[in-house]
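Note sheet for the following structure.
The values are calculated or read from the model by the stated rules, or taken from the named source; none is laboratory data. Computed from a predicted model, the values in this text were never measured in an experiment. Cβ atoms come from the backbone with ideal geometry, glycine included; neighbour counts cover every protein chain shown.
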Amino acid sequence: MPEAKASDNGGVQIDLISGQRMENLASMEKIRVILDGVRDGNIVILEEGLSPDEESKLIEVTMTEISPDEFNGIEIETYPRSQTNDASILDRIMGKEETAKLTVIGPANQIETLHKDETLISALVSRK
Amino acid sequence: MGLISGLKSSLQQVRESLFTEEEQKRIGIYGPPNAGKTTLANRIARDWTGDAVGPESHVPHETRRARRKENVEIERNGSSVNIDIVDTPGVTTKVDYEEFLDYEEFDQDEAVRRSREATEGVAEAMHWLREDVDGVIYVLDSTTDPFTQVNTMLIGIIESRDLPVLIFANKIDLDDASIKRIEDAFPQHETVPLSALEGENMDEVYDKIAEYFG
């Protein structure tokens, strides 16, 4: 996994997490990896994103961890799912729904999305 | 023993199936904060039951608990559709108590309390979506950009659960409303324009509710 390691000199750590590293984790383990990183002030980039159900749980767990003056929640961006590339009914029945989509997650008070379209996410990251 | 327990189990199954058939369909009203979800829930409830669901406000996160209004019977074309409407807190990925301090009616303690309740409310809304709703009305403010991550994620979550969904483009009474922007954002779903506050286009709203959730 390519990983930009943290610094003690006020820099911003960016963790680029491969799909391979996440694929064997249970949903809650994935959410823990993300939130532990983000709560440390890191920017987490997932090569393959989360399933809709995991996204729903991520929102729910994030909410339970918000605390005044400590953690305000997350900013999350993914490329929009292609409208023309929806999984076929057969794929859905077989549980092969396509979820691979680059996902950027960071602390809400440090990351600001400047621009987003179908092929580009541009974010401004500030130090803690 | 085997016969009696078998009979009991059959009776239980019959009872459960009768119950299931009589169960109201629960329609969740979802969307980002300040889209007008409670105004819509109140409009529907007042039109068909005479009661309101909850207080409306310009302050985001006024609804911090999911509220259910049972037995809303909507009459269309000689037949009627009976649903429960569930007004849910606006979904977001972040809540900063300092944003409540922008409203002069709140001091620090009240802002912290509201933000804590708001986070609990969002978690509750997500739980309802995963476990307890049979259909979704997704409300968007047609004066704001619908291409947000929360909207994209929530529509994705709703689609993954195969729930019937209607998109409501609310606040069309305002000058800068754009229904087309919402239609373009979610072309795979039907968009119904309305003003819940002014009661504009409510006939089509009720036609579509009956068609989708009846």
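Among the residues of the range B:134-155, the one identified as farther than 21 Å from B:Lys208 by Cα, surrounded by fewer than 20 Cβ atoms within 10 Å (Cβ to Cβ) and in contact with a helix residue (DSSP H, G or I) (Cβ under 6 Å, 6 or more places away or on another chain) is B:Phe147. In summary, helices (runs of 4 or more DSSP H) completely within the range A:4-70 and bearing 1 or more residues that are under 27 Å from B:Arg116 (Cα atoms) occur at A:27-39, A:52-65. Among residues of the range B:118-135 that are under 13 Å from B:Ile29 (Cβ atoms) and facing chain A (nearest Cβ under 7 Å), none has a Cβ under 6 angstrom from a residue that is at pLDDT 95 or above and in a helix (DSSP H, G or I) at a sequence gap of 6+ or on a separate chain.
So which of A:Arg92, A:Arg81 ends up being modelled with pLDDT under 75, not hydrophobic (A, V, I, L, M, F, W, C) and not in a loop (DSSP other than H, G, I, E, B)?
A:Arg92
The combined condition, being at pLDDT 95 or above and aliphatic (A, V, I, L, M), is fulfilled by A:Val38. Answer yes or no: is there a residue in the range B:137-149 that is under 14 Å from B:Gly28 (Cα atoms) and acidic (Asp, Glu). Scanning the range B:137-149, I find no residue that is under 14 Å from B:Gly28 (Cα atoms) and acidic (Asp, Glu), so the answer is no.
Is it fair to say B:Glu131 is modelled with pLDDT under 95, farther than 22 Å from B:Ala41 by Cβ and surrounded by fewer than 23 Cβ atoms within 10 Å (Cβ to Cβ)?
no
Scoring B:Glu70 on the criteria (1) outside any loop (DSSP other than H, G, I, E, B); (2) within 12 Å of chain A (Cβ to nearest Cβ) leaves a single failure, condition (2).
Is it the case, given these coordinates, that B:Val91 is touching a Gly at 6+ places or on another chain (Cβ under 8 Å), touching a residue at least 60 places away in the same chain (Cβ under 8 Å) and either within 14 Å of chain A (Cβ to nearest Cβ) or part of a strand (DSSP E or B) (or both)? It is true that B:Val91 is touching a Gly at 6+ places or on another chain (Cβ under 8 Å), touching a residue at least 60 places away in the same chain (Cβ under 8 Å) and either within 14 Å of chain A (Cβ to nearest Cβ) or part of a strand (DSSP E or B) (or both).
The residues of the range B:140-198 that are more than 27 Å from B:Ile83 (Cα to Cα), without any contact (Cβ under 8 Å) to a residue 60 or more places away in the chain, assigned to a loop (DSSP other than H, G, I, E, B) and within 14 Å of another protein chain (Cβ to nearest Cβ), listed by number, are B:Asp145, B:Pro146, B:Phe147. Evaluation of B:Tyr30 against the conditions (1) buried (at least 22 other Cβ atoms within 10 Å of the Cβ); (2) of a type outside the set (S, T, N, Q); (3) at pLDDT below 90 shows that the sole unmet condition is (3). Scanning the range B:165-179 for residues that are in contact with a strand residue (DSSP E or B) (Cβ under 9 Å, 6 or more places away or on another chain) and farther than 14 Å from B:Gly135 by Cβ returns B:Ala169, B:Asn170, B:Lys171, B:Ile172, B:Asp173, B:Leu174, B:Ala177, B:Ser178, B:Ile179. Look at the range B:199-212: where a residue is on the phi > 0 side of the Ramachandran plot and a partner is small (Gly, Ala, Ser) and in a strand (DSSP E or B), sitting 6+ places away or on another chain with Cβ atoms under 8 Å, you get B:Asn201/B:Ser195. Of the residues that sit in the range B:94-117 and are in a helix (DSSP H, G or I) and aromatic (Phe, Trp, Tyr), which one is nearest to the other protein chains (Cβ to nearest Cβ)? Ranking the qualifying residues of the range B:94-117, first place goes to B:Tyr97.
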